[in-house]
1. Quote the accessible area belonging to T26 in square angstrom, nearest 10, computed with a 1.4 Å probe and with ligands, DNA and RNA left uncounted.
2. Once amide H atoms are built 1.01 Å from N in the peptide plane, which residues 5 or more positions from H171, or in another chain, come under 5 Å H to H?
3. Counting other Cβ atoms within 10 Å, which trypsin sites (Lys or Arg not before Pro) in the range 107-158 have at most 15 and lie in a DSSP loop?
4. For K290, go through the lysines and keep the ones whose alpha-carbon is under 28 Å away, minus same-chain ones fewer than eight residues off.
5. Would you work out what percent of the accessible area of the chain, with all protein chains in place, is carbon or sulfur (probe 1.4 Å)?
6. Which of F70, F119, F258 moves the most in a Gaussian network model of the chain with Cα springs under 10 Å?
7. State, to one decimal in nm, how far the label point of Y176 lies from the label point of E302, with both points 7 Å from Cα in the Cβ direction.
8. Taking K108 as the anchor, which lysines have their alpha carbon closer than 21 Å to its alpha carbon, excluding any fewer than eight residues away along the same chain?
Amino acid sequence: MSAEFTTTLDSDWYVDPEIYAREMATIFGREWLLVGHRHELARAGEYLATELAGRRIFVLAGKDGGLRAFHNVCRHRAAQLLPEGNGQCGVLRCPYHGWVYDHDGRLKKRPGFAEEESFDGAALGLFPVRVEEWRGFVFVNLDPQAGDLLSGLGDMAAATQGVPLERYRFHKRQSYELDFNWKTYTDNYLDAYHIPYLHPQLAADLDMATYRVVNGDRVSVHHASPRAKAPAGETGAYQGLFLWRWPNNSLGVYAGGFNICRILPQSVSRLRLLFDFYFDPEAGFSEAEKDRKAAMTCQVVEEDFPICSQVQRNLEVGVYRSGPLNPRLETGVAYFHDLVRRAVGNRP
Ligand code: FES
Ligand SMILES: [Fe+2]
């Protein structure tokens, strides 16, 4: 699909708390969002609890092996049931007044209520959240009316068809807390124009004349051939597939491994990035080699942070409003802005 817009979003999209609130409701409140991987939920009772668009949720592995997801809020007086992070849950008991729920979300006990044996546990059950899996990755959707996950993934499923994602094993997670808008980061990820300026090592390894950005349904895929004269073995980190998925993931697949990133807005000017690194056991990398490959990706990612912070501060002061996008190397940014505009609608 070709981009409909050739200028950036106006600066107030990056600084206005009202627009941010609308984005949380219309984008993060409606799209399928990656929350983790099945390896974190392999055994009955394992859970992961997290916050998405300001709402706390948890996903729990049931005794039947299926996944259930709920809002992390007690039906009595709204306490948070499970602490954020990963854990193992036997009895799901609220820490505030001891209400107990089963792993299907039904209320089982409410201590001190006279009719304790006769209440309707389903009527006071936990608020459910949609949860689905795709190739080991676990996604939730806060919108009960949303379509299925596969439609939500758009062209990501087709673009990764030949990649043996299931074979790869988790190695490590790298997280970052940053002081800019989630779109400031996403713009930067989707922008191939800056590579020679901010990433000299990456630019030296790639033949930038071959760089292509192909936007599909909810994805932007970036291709570039490695430079022929790059030393053998050092281009591996950059070969393969670089894909961004609406609204907030990137996937980098390279020889023997991949990383998947979640771009998690925390406020209009703060975000968290979570990078999970996976490697192919058949590639035979040592732990040190895996660490080195992950560190190469992190170095490229971190090279962008100072500029992103400066961009955010400049957007906040209001001198700059909007600028033109490069018709070859910033079409991913144009496509992203188009999706944001369409999801959020007219500015408040
Ligand atoms: S808020 Fe959970 S038992 Fe009271
Ligand atoms: Fe970059």
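The values are calculated or read from the model by the stated rules, or taken from the named source; none is laboratory data. Keep in mind it's a predicted model, so treat the numbers as computed, not measured. Note that each Cβ is placed from the backbone with ideal geometry, even for glycine, and that neighbours are counted across all protein chains shown. Surface accessibility is based on the protein's heavy atoms, side chains included, excluding ligands, DNA and RNA. Shrake-Rupley method; radii C 1.70, N 1.55, O 1.52, S 1.80 Å.
1. It works out to around 30 Å².
2. Residues meeting the amide H criterion: F277, Y278, F279.
3. Those satisfying the criteria are R135.
4. Straight-distance partners of K290: K172, K229.
5. On the way: 8110 of 15650 Å².
Looking at the chain in its full context, I get 52 percent from C and S.
6. Top of the fluctuation ranking is F119.
7. Label at Y176, label at E302, 1.0 nm between them.
8. Of all the lysines, those that pass the test against K108 - Cα under 21 Å, at least 8 places apart if same chain - are K63.
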